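Okay, so here's the structure we're looking at.
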Amino acid sequence: MGLINTPTAEQIRIVITGLRNSGKSSLFNSIIENNIAIVSDIPGTTTDPVMKSMELGNLGPVVFVDTAGFDDIGELGKKRINSTLSNLEIADIIIFVTKINEEITQIEKDFLDILKQKGKKLIVVLSFADKEFNNNKIKFFQNYDYITVNINDKNDIVKLREKIIKLSNYIEKEINPLDGLVKEGDTLFLIVPIDSAAPKGRLILPQVETIRDALDKNCSVVIAKENQLNIYYNLKKRPELVITDSQAFSIASKNLPKDQPLTSFSILFARKKGDLNLFVESINRLKEIKPGSKILINESCTHHRQQNDIGTVQIPELFKNKILRDVIFDFARELPAKQELQKYSLVIMCGGCMLPRNKILFRLKILNELNIPVINYGIFLAYVNNLIPRAILPFKKYLKF
Ligand code: SF4
């Protein structure tokens, strides 16, 4: 899939980090062949992370991220360092930039220790390679995957790009929504409500990606609104899979044959972006939730809330009506700090279609460490519509249960 078709969230994320004034932004500009990042001799010019996508050989679509220096100072500096750390958390590849002509500092050594613990692919760029080499520095990095780079030398930039591309075999790429679920020649029947919550004049990302993936896999696709299910019965051949918007689960399950394989876009994305096993396992822990418990709804991006908004209205109401009335709901786009998070008995996440998978996996890791059950909207809506296990049966070869 080319760059135009790949959402930024699904591109391989290459994060450039280093001390202020180590040459990060000049390197970023040289790699992407553009002057997007502001370059200056004054330390701390890069404040918010700067991003640019490009095609990079076998790696396919990648996004380079230039971050603020991890030695930034002051109150704002602290915030920038936190932003750099968040970006490193979701990186696939980290490029650590340090000047070849200067001694390694203690702050760099400490930071490298943090980076090593993250277990990500790390390339060290010894920048300013046109200056005199500091032998101690070369010695320090001899066991790292390093490269010397003079950003004014195009050959150096080409070599660095080639070094990054060589990591392609080690990077886990995000799967496509239908991988392993369909085969060439299958027919898919998609139920897509066009109601007041649907964006004007377009389909939402999970629907678009699923349709594109079905076409890539040489499947045919029939799309109908939830009030047009007669189209299903007019088909000459029964579809191998029906995929519905989670909000039409109930209509779909009532109106389609009981043995028709059925799932939802949101469950496709629960596997693609998160950990389907963990979500399903958490369903079994709903019975542990006690009266008075707090539940966090984690909806990851901003949108104009409709009257009957799924995250703030429908899910809390369904929970109270079908599981337990006496609970308190909170809402957040980012996960709160661990201490704050501990007060929750359950987290219900949106499909996360706009987020990099690494970001969702990082959230799941934190919740797992705190032993807090976590489910996504699709799994929750399937459960309250009595569609577990039916809605997860198409994934049975991926499930532990
Ligand atoms: S990231 Fe979450 S809230 Fe945003 S569009 Fe995707 S599913 Fe909806």
(message) Can you go through 62, 39 and tell me which one is out of contact with any Lys or Arg (no Cβ under 7 Å at 6 or more places or on another chain), at pLDDT 90 or above and of a type in the set (Val, Ile, Thr)?
(response) 62
(request) Would you check if there is a residue in the stretch 121-131 being in contact (Cβ under 8 Å) with a residue 40 or more places away in the chain and in a helix (DSSP H, G or I)? (result) no
(request) Answer yes or no: is there a residue in the stretch 96-107 that is within 30 Å of residue 205 (Cβ to Cβ), touching a residue at least 60 places away in the same chain (Cβ under 8 Å), surrounded by 13 or more Cβ atoms within 10 Å (Cβ to Cβ) and of a type in the set (S, T, N, Q). (result) no
(request) Would you mind stating whether residue 198 is within 16 Å of the ligand (Cβ to nearest atom), small (Gly, Ala, Ser) and not in a strand (DSSP E or B)? (result) yes
(request) Taking the residues in the stretch 347-358 that are at pLDDT below 90 and more than 10 Å from residue 274 (Cβ to Cβ) as candidates, determine which candidate is farthest from the ligand (Cβ to nearest atom). (result) 358
(request) Filter the stretch 177-194 down to residues that are under 21 Å from the mean Cα position of the chain (by Cα), among the hydrophobic types (A, V, I, L, M, F, W, C) and either within 15 Å of the ligand (Cβ to nearest atom) or surrounded by fewer than 20 Cβ atoms within 10 Å (Cβ to Cβ) (or both), then give me how many there are. (result) 0
(request) Starting from residues that are more than 16 Å from the ligand (Cβ to nearest atom) and in contact (Cβ under 8 Å) with a residue 24 or more places away in the chain, keep the ones in the stretch 201-218 and report whichever is farthest from the chain's Cα centre (by Cα). (result) 218
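Pull up the stretch 366-401, narrow it to residues that are of a type in the set (Val, Ile, Thr) and in a loop (DSSP other than H, G, I, E, B), then point me to the one that is nearest to residue 262 (Cα to Cα).
Looking at residues that are of a type in the set (Val, Ile, Thr) and in a loop (DSSP other than H, G, I, E, B), I get 388.
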(message) Being in a loop (DSSP other than H, G, I, E, B) and under 23 Å from residue 288 (Cβ atoms): is that true of residue 363 here?
(response) no
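Take the conditions of a type in the set (Val, Ile, Thr), away from the ligand (no atom under 14 Å from the Cβ) and over 20 Å from residue 398 (Cα atoms) and apply them to residue 295. Does it pass?
For residue 295, the condition - of a type in the set (Val, Ile, Thr), away from the ligand (no atom under 14 Å from the Cβ) and over 20 Å from residue 398 (Cα atoms) - is met.
Quick one: would you say residue 183 is closer than 30 Å to residue 12 by Cβ and among the basic types (Lys, Arg)?
Answer is yes for this residue.
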(request) Please go through the stretch 331-346 and pick out each residue that is within 16 Å of the ligand (Cβ to nearest atom) and touching a Leu at 6+ places or on another chain (Cβ under 9 Å). (result) 331, 332, 335
(message) Suppose we filter 400, 365, 396 for residues that are over 18 Å from residue 283 (Cβ atoms) and either away from the ligand (no atom under 15 Å from the Cβ) or crowded, with 21+ Cβ neighbours inside 10 Å (or both); which single one remains?
(response) 365
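Does any residue of the stretch 238-247 turn out to be within 29 Å of residue 221 (Cα to Cα), surrounded by fewer than 16 Cβ atoms within 10 Å (Cβ to Cβ) and more than 16 Å from the ligand (Cβ to nearest atom)?
Scanning the stretch 238-247, I find at least one residue that is within 29 Å of residue 221 (Cα to Cα), surrounded by fewer than 16 Cβ atoms within 10 Å (Cβ to Cβ) and more than 16 Å from the ligand (Cβ to nearest atom), so the answer is yes.
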(message) Going by what's in this entry, would residue 272 be described as buried (at least 19 other Cβ atoms within 10 Å of the Cβ), closer than 21 Å to residue 364 by Cβ and of a type in the set (D, E, K, R)?
(response) yes
(request) Please work out if residue 186 is under 21 Å from residue 238 (Cα atoms) and in contact with a Cys (Cβ under 7 Å, 6 or more places away or on another chain). (result) yes
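Starting from residues that are in contact with a helix residue (DSSP H, G or I) (Cβ under 8 Å, 6 or more places away or on another chain) and not aromatic (Phe, Trp, Tyr), keep the ones in the stretch 65-84 and report whichever is nearest to residue 54 (Cα to Cα). Before you say what the answer is, go through the steps one by one.
Our first condition is that a residue be in contact with a helix residue (DSSP H, G or I) (Cβ under 8 Å, 6 or more places away or on another chain); within the stretch 65-84, this holds for 65-72.
When the remaining residues are screened for being not aromatic (Phe, Trp, Tyr), the result is 65-69, 71-72.
Working: 65: 11, 66: 14, 67: 17, 68: 21, 69: 23, 71: 28, 72: 28 Å.
Out of the qualifying residues, it is 65.
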(message) Restricting to the stretch 11-31, give me the number of residues that are over 24 Å from the mean Cα position of the chain (by Cα) and in a loop (DSSP other than H, G, I, E, B).
(response) 5
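Of the residues 136, 155, only one is without any contact (Cβ under 8 Å) to a residue 12 or more places away in the chain and surrounded by fewer than 18 Cβ atoms within 10 Å (Cβ to Cβ); which?
Exactly one of 136, 155 is without any contact (Cβ under 8 Å) to a residue 12 or more places away in the chain and surrounded by fewer than 18 Cβ atoms within 10 Å (Cβ to Cβ), namely 155.
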(message) For the structure I just gave you, tell me whether residue 170 is surrounded by fewer than 16 Cβ atoms within 10 Å (Cβ to Cβ), away from the ligand (no atom under 16 Å from the Cβ) and free of Cβ contacts under 8 Å to residues at least 12 places away in the same chain.
(response) no
(request) Sort out which residues of the stretch 195-215 are out of contact with any strand residue (DSSP E or B) (no Cβ under 8 Å at 6 or more places or on another chain) and either surrounded by 12 or more Cβ atoms within 10 Å (Cβ to Cβ) or outside the structural domain of residue 250 (by TED's automatic domain parsing) (or both), and write them in order of number. (result) 195, 197, 198, 203, 204, 205, 206, 208, 209, 212, 213
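The values are calculated or read from the model by the stated rules, or taken from the named source; none is laboratory data. Computed from a predicted structure; not experimentally measured. Glycine gets a Cβ as well: all are built from the backbone with ideal geometry, and neighbour counts include every protein chain shown.
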